[in-house]
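Working notes, structure below.
Computed from the coordinates by the stated procedures, all read-outs in this text should not be read as laboratory data. Quick caveat: nothing in here was measured; it's all calculated off a predicted structure. As a convention, Cβ positions derive from the backbone with ideal geometry for all residues, glycine included, and neighbour counts pool all protein chains shown.
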Amino acid sequence: MTEQHNSAAQEKIDNEKTGRLAGAGAGVVAGAQVGTVLLPIPIVGTFTGALVGGVIGSKIGKRVGSKLLNTLNSVERDVCDAPSPKQDLSKELERLVKLREQGVLDEAEFRAAKARLLGL
């Protein structure tokens with residue numbers, strides 16, 4: 001359980017770093033465009049806008065981006081950990097075979113249940 005907790009904590013830290021980096025990148029680009037327009041001084045406006053945009057984007061990305069990544073990772077785990085329909089089908093077939101072997105189901109009942117299970 002501790003290893004699982006450490007893994008989840010590390011994943012959260014990694015998601016914050018990724019979100020911060022993505023936010024900074026987007027902030028730099030957007031900030032450079034805004035800075036160029038608001039401070040029409042060559043290079044200075046673009047650089048200042050990019051710097052401010054990067055800082056703001058980094059903070060936003062850390063909060064929003066990491067939450068988004070945490071949610072996506074949670075959904076991914078749920079999907080990956082869910083048993084596949086094939087596994088469920090094979091387990092159900094095994095159960096029907098055992099019921100037939102135990103005499104709970106006769107051959108006709110077994111075939112009918114198997115046909116229903118397989119959608120035939």
Cα→Cβ-extended label distance, 7 Å offset, between Arg111 and Ile41, nm: 9.1 nm
Just want the ordering: Val52, Val104, from fewest to most Cβ atoms lying within 10 Å of their own Cβ. Val104, Val52
Interchain or long-range residues, amide H under 5 Å from Leu105's placed H: Arg100
Contour minus Cα-Cα distance for Gln10 and Val52 (0.36 nm per residue): 12.2 nm
